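The values are calculated or read from the model by the stated rules, or taken from the named source; none is laboratory data. Every value quoted in this text rests on a predicted model; they were computed, and no experiment measured them. Heads up, the Cβs are rebuilt from the backbone with ideal geometry, glycines too, and the neighbour counts pull from every protein chain shown. Heads up: the accessible areas ignore ligands, DNA and RNA and are worked out on the full protein's heavy atoms, side chains in. Shrake-Rupley method; radii C 1.70, N 1.55, O 1.52, S 1.80 Å.
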Amino acid sequence: MEQQHARYWRRVLRLTGVLLGVWFVAGLGAGVLFKEQLDAIVIPGTGFPLGFWMAQQGSILVFVLVIWGYARKMRALDREAGVEEDDQ
Amino acid sequence: MTVQVWTAIFVVLTFGLYTAIAWWTRASSTREFYVAGKGVSPLANGMATAADWMSAASFISMAGIIAFAGYGGSVYLMGWTGGYVLLAVLLAPFLRKFGKFTVPDFVGDRYESNTVRFLAVVCALFVSFTYVAGQMRGVGVVFGRFLEVPVETGVLVGMAIVLFYAVLGGMKGITYTQVAQYCVLIFAFMVPAIFLSLRFSGLPIPQLGFGWGGEDVSVLSKLEGLDRELGFTPYTEQGGGNVRNLFAITLALMVGTAGLPHVIVRFFTVPKVRDARTSALWALLFIALLYTTAPAIAVFARYNLMESVRDATWSVSAETNDDPSIKPLPEWVRSWEDIGLIAWVDKDGDGAVDYAPGAAFVGKPSFAPDEARGDHGERMLVNEPTKAKNELYVDRDIMVLANPEISGLPDWVVALVAAGGLAAALSTAAGLLLVVSTSISHDLLKRGLLPNISEKGELRAARIAIVGAVVVAGWLGIDPPGFVAEVVAFAFGLAASTFFPVIVLGIFSTRMNKQGAAAGMITGLLFTASAIVWFRFLHPELDTAEHWWFGIGPKGIGSVGMLLNFVVSVAVGACFPAPSTRTQDMVRAIRVPKGAGAAASH
């Protein structure tokens with residue numbers, strides 16, 4: 001039981017780390033740190049420089065996807081480790 | 001029917017709806033009053049969270065702020081959405097599993113310390129009050145602008161309505177009214193945006209419309225062309241450059257968002273841990289709908305403004321103009337000048353509008369007495385003109401409020417925007433007031449001064465506290481102290497440098513103890529508060545990039561405060577013994593979802 005919970009928690013931490021990495025790269029990375037370099041690329045068919053678009057549109061979409069991925073993957077992890085809540 | 005009649009109809013209808021919902025969902029226990037009986041579905045909670053989160057400022061001012069800040073406005077877009085990722089993966093599910101009512105509850109129990117609990121209550125009260133004052137003011141301003149009643153009357157009406165449904169329904173009533181308010185506000189925001197997008201780009205999706213059609217034909221590219229022509233920095237580059245400061249501000253807003261008590265508490269209301277996760281997803285999705293539309297509105301509105309006012313002759317209107325070589329002034333410019341949100345000073349005496357970078361005159365417009373008019377029919381100003389070429393003053397709030405008029409939409413759409421602004425302000429105010437009342441009746445009385453208070457007594461105390469909070473908030477709204485606007489922006493910095501690290505460490509470290517937490521919170525609070533007081537109140541003249549600490553301005557300093565908090569907590573924590581086995585077991589228990597039902601029975 002103890003061991004199983006510890007293993008579950010390690011996997012949760014790994015998932016959290018990966019998703020926060022995505023969060024960082026899409027928002028603070030693409031939208032702020034590398035915005036100028038990315039602006040050299042203009043998204044084809046539009047007038048959006050890529051860095052600017054990431055800052056005002058793309059990052060927000062990625063954030064939604066990150067939370068979606070988290071909710072989905074966590075549910076699978078819960079089930080696998082047998083720690084999901086009972087349906088009342 | 002006039003705009004005023006339409007507005008009155010919408011206001012009565014929506015207020016009636018909110019009141020009816022409050023009556024149906026009135027609370028009968030503290031559990032219902034504080035956390036809606038933990039029976040809210042994730043979808044409904046997502047909508048309620050979105051309405052709770054998006055304030056009068058998000059609805060009315062944000063698109064305008066972005067329109068005038070260009071790329072620089074992105075910090076708000078990323079900051080106020082990115083925070084939900086932190087909330088969803090680091091806080092919400094675990095706090096839901098912990099299963100009590102408030103953030104101070106968690107902090108106090110986790111660190112086995114009433115001092116830490118008290119510190120958390122003080123922070124929660126401070127953050128909530130600074131916020132709520134702005135909301136009440138927002139209600140007053142919307143009333144004033146659309147129904148032409150004094151701002152004070154508007155604030156009083158807003159107070160009465162919030163009072164009714166918050167006192168009656170507590171969290172339960174607030175949650176379901178917020179669901180209705182989200183629907184009203186998002187509809188009111190999207191309708192004009194879709195019309196604007198159709199008009200300028202031919203696409204019904206504003207998010208795509210503002211950049212659609214290649215590098216020369218898209219509205220964004222045309223806007224940048226205009227920027228260059230009139231001497232502005234191109235839109236997508238405005239506000240860039242100082243990467244370190246932008247990074248710090250964005251991070252502070254993100255972390256601050258995740259640390260705001262009125263947002264966190266919303267995740268206590270769902271039945272299960274996995275509902276807390278999906279509920280965060282719904283919340284961000286509903287928020288993203290408005291937050292991805294706002295930058296589109298910003299671009300359309302700014303382009304339309306620049307295109308239609310530059311070199312327009314002030315005294316000529318489109319209807320009476322028969323000389324094709326003269327550009328007439330659009331009618332909406334005149335009607336917003338009447339309200340005082342647009343002002344013009346003819347510096348070069350040519351009777352045409354010169355729109356260029358820089359302020360046209362010093363300060364906000366203050367008009368000459370007796371409705372004095374100049375040579376071209378403009379309202380005379382007493383402000384000192386600046387040396388800049390620019391002659392036009394435009395209030396940022398116009399960008400959302402004037403949209404329906406600019407795109408020639410019917411009067412009922414204008415009224416709809418008014419109802420939307422009210423919904424945004426009321427929903428946020430109610431959520432904040434509930435945090436205030438819970439902090440007082442639950443954290444201060446039940447868990448502090450009067451531990452033996454009965455369930456009934458606690459419920460009564462909560463209702464009395466909410467009445468008191470509404471009165472204080474209304475008073476702050478009618479007579480706002482000058483520093484409110486300043487302080488609201490910094491509530492984020494303070495939330496980032498106090499709450500967030502303490503809660504995260506409390507969940508992710510079993511070793512963290514009360515000494516570490518208290519030392520970290522005090523360090524974060526003192527550091528951030530002193531930076532803000534130093535640059536904003538004591539030495540405002542030093543608030544420029546070369547004097548900033550670590551090259552980071554007061555808006556972003558919360559990020560540094562947060563880092564300091566983490567470092568100090570861990571360092572001090574390591575010097576003192578680990579918390580009791582009971583606490584360590586509790587931390588391990590909140591990490592697994594199983595057994596949430598048991599933990600919830602308080």
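From B:Ala531, B:Ala574, B:Ala495, grab the single residue that is under 21 Å from B:Ala120 (Cβ atoms) and either outside any helix (DSSP H, G or I) or away from every other protein chain (no Cβ under 14 Å) (or both). After applying the criteria, what remains is B:Ala495. Quick check, is B:Met171 in a helix (DSSP H, G or I), at pLDDT 90 or above and in contact with a Ser or Thr (Cβ under 8 Å, 6 or more places away or on another chain)? No; evaluated as a whole, the condition is false for this residue. If you go through the stretch A:38-84 and pick out every residue that is at the interface with another protein chain (Cβ under 7 Å from one of its Cβ atoms) and within 20 Å of B:Pro593 (Cβ to Cβ), you end up with 10.
Return yes or no: is B:Ala529 modelled with pLDDT under 90, surrounded by fewer than 18 Cβ atoms within 10 Å (Cβ to Cβ) and under 19 Å from B:Ala124 (Cα atoms)? Yes, satisfied. The single condition among (1) touching a Phe, Trp or Tyr at 6+ places or on another chain (Cβ under 8 Å); (2) over 28 Å from B:Arg137 (Cα atoms) that B:Lys387 does not satisfy is (1). Of all residues in the stretch B:98-113, one or more are more than 15 Å from B:Val504 (Cβ to Cβ) and within 14 Å of another protein chain (Cβ to nearest Cβ).
In this structure, B:Val592 does not qualify as open to solvent by 60 Å² or more (accessible area, probe 1.4 Å) and either touching a helix residue (DSSP H, G or I) at 6+ places or on another chain (Cβ under 9 Å) or in a helix (DSSP H, G or I) (or both). Restricted to helices (runs of 4 or more DSSP H) entirely inside the stretch B:193-308, those with at least 3 residues that are more than 12 Å from chain A (Cβ to nearest Cβ) and at pLDDT 90 or above are B:219-230. Restricting attention to the stretch B:95-129, the residues that are under 27 Å from B:Ala276 (Cβ atoms) and either hydroxyl-bearing (Ser, Thr, Tyr) or touching a strand residue (DSSP E or B) at 6+ places or on another chain (Cβ under 6 Å) (or both) add up to 4. Listed conditions (1) under 10 Å from the mean Cα position of the chain (by Cα); (2) open to solvent by less than 10 Å² (accessible area, probe 1.4 Å) are all met by A:Asp78, apart from (1). Note down all Cβ pairs under 7 Å where the first residue falls in the stretch A:15-37 and is facing another protein chain (nearest Cβ under 9 Å) and part of a helix (DSSP H, G or I), the second is open to solvent by 10 Å² or more (accessible area, probe 1.4 Å) and basic (Lys, Arg), and they're at least six residues apart or on different chains. Partner pairs satisfying both residue conditions: A:Leu15/A:Lys73.
Per-residue answers, yes or no, for (1) part of a loop (DSSP other than H, G, I, E, B); (2) closer than 13 Å to B:Leu341 by Cβ:
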residue: B:His376; (1), (2): yes, no
residue: B:Lys387; (1), (2): yes, no
residue: B:Asn390; (1), (2): yes, no
residue: B:Tyr393; (1), (2): no, yes
residue: B:Val400; (1), (2): no, yes
residue: B:Pro404; (1), (2): no, no
residue: B:Gly408; (1), (2): yes, no
residue: B:Ala418; (1), (2): no, no
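The residues in the stretch B:26-47 that are open to solvent by 20 Å² or more (accessible area, probe 1.4 Å), among the polar types (S, T, N, Q) and touching a residue at least 12 places away in the same chain (Cβ under 8 Å) can be counted, and the count is 2.
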